[in-house]
1. If you bin the C-alpha pair distances of the range 1-83 every 5 Å from 0, what whole percents do you get?
2. Share of Cα-Cα pairs in the range 114-234 beyond 21 Å, in percent?
3. Within straight cross-link reach of residue 82, meaning Cα distance under 16 Å, which lysines are found once same-chain residues fewer than 8 apart are removed?
4. For the chain, the longest stretch holding no trypsin sites (Lys or Arg not before Pro) located in a DSSP loop with at most 10 other Cβ atoms within 10 Å is which?
5. Give me the extension gain from residue 236 to residue 91: residue separation times 0.36 nm, minus the current Cα-Cα distance, reported in nm with one decimal.
6. Calculate, for residue 41 and residue 74, the FRET efficiency according to 1/(1 + (r/R0)^6) with r their C-beta to C-beta distance and R0 35 Å; round to the nearest 0.05.
7. Just need log10 I(q)/I(0) for the chain at q = 0.10, 0.14, 0.17 Å⁻¹, Debye formula, equal scatterers on the alpha-carbon atoms, no solvent, rounded to two decimals.
8. Before anything else, pin down the relative contact order of the range 109-251: Cα pairs under 8 Å, at least 6 apart, normalised by residue count, whole percent.
Amino acid sequence: MNVYEAPSNIAFVKYWGKFENQTPINPSISMTLDTCKTIMEVESLENKEFDLELKFEGELNLPFTDKIKNKIKLFDLSFPNKKLIINSKNTFPHSCGIASSASAMACLSRLFNDELELNLSHSELSSLSRKFSGSACRSTDSGFLSWGKVEYVPYSSDEYATKVDIHNNFKDLRDTIVVVDSSEKKVSSSEGHALMRNHPYKDHRVKQAHLNHQEIIKALNSGDWDCFSEITKSEALTLHALMMTSKPSYI
């Protein structure tokens with residue numbers, strides 16, 4: 001039995017809204033949360049065709065299994081004749097706003113890459129994770145990762161995340177999570193993204209996100225804490241405002 005793990009991440013500039021094929025309407029950047037992890041144990045069996053069985057903390061999860069199977073049908077990948085029995089668990093509460101889907105889908109992509117002998121490069125692994133869940137592409141590496149094609153980030157892409165170098169001022173940055181309520185969110189992130197399609201402030205948000213993304217990259221490179229804090233605060237307030245002013249309202 002093999003064991004795989006992948007971390008969650010926290011976005012400083014968040015992608016909110018997407019096109020088809022899990023591509024973002026704006027660039028984003030996040031920090032990996034090393035201790036907030038999804039851990040998957042897998043048993044691989046010979047089978048007449050590819051199949052999988054997904055459990056969460058020992059309990060069979062049919063909706064999750066069906067979701068992954070449906071996603072796989074859309075991928076241009078060759079899956080061998082195996083049955084994978086996967087038992088997943090988290091080191092943090094799931095589905096309550098700490099990006100458990102990002103860590104879960106990045107972990108699943110690592111598992112597939114190894115167990116199915118896909119031999120994916122790092123960018124291909126990030127891209128596969130994105131197909132399962134957009135922000136999962138930023139959970140395939142440690143440190144700070146940017147996602148979205150922009151001129152000022154070398155090798156950036158809408159298809160996969162790119163690692164970003166940072167100033168020593170941010171090397172010891174930590175994210176503290178206080179769990180007030182560990183119950184599942186009433187509205188999923190996918191539903192939230194869908195509400196951006198016809199949002200009255202969509203165009204302005206895309207422009208704002210591009211500007212914030214470029215400025216926060218500069219701040220992370222130069223060690224500018226004041227700029228970093230102003231942008232992260234602005235992003236938090238903006239996302240709440242977008243959720244409240246969508247039709248129907250997210251909140």
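1. 3, 11, 13, 18, 20, 18, 12, 5, 1, 0
2. When all Cα pairs of the range 114-234 are counted, 54 percent exceed 21 Å.
3. 48, 69, 73
4. 49-170
5. So the chain would gain 49.7 nm between residue 236 and residue 91.
6. So the FRET efficiency works out to roughly 0.85.
7. One equal scatterer on each Cα of the chain leads to -0.49, -0.96, -1.37.
8. Value for the range 109-251: 17 percent.
The values are calculated or read from the model by the stated rules, or taken from the named source; none is laboratory data. What you are looking at is a predicted structure, and each value in this text was computed from that prediction instead of being measured. Cβ coordinates were reconstructed from backbone atoms using ideal geometry, including for glycine residues, and neighbour counts include every protein chain displayed. Side chains included, ligands, DNA and RNA excluded: accessible areas come from the protein's heavy atoms. Shrake-Rupley method; radii C 1.70, N 1.55, O 1.52, S 1.80 Å.
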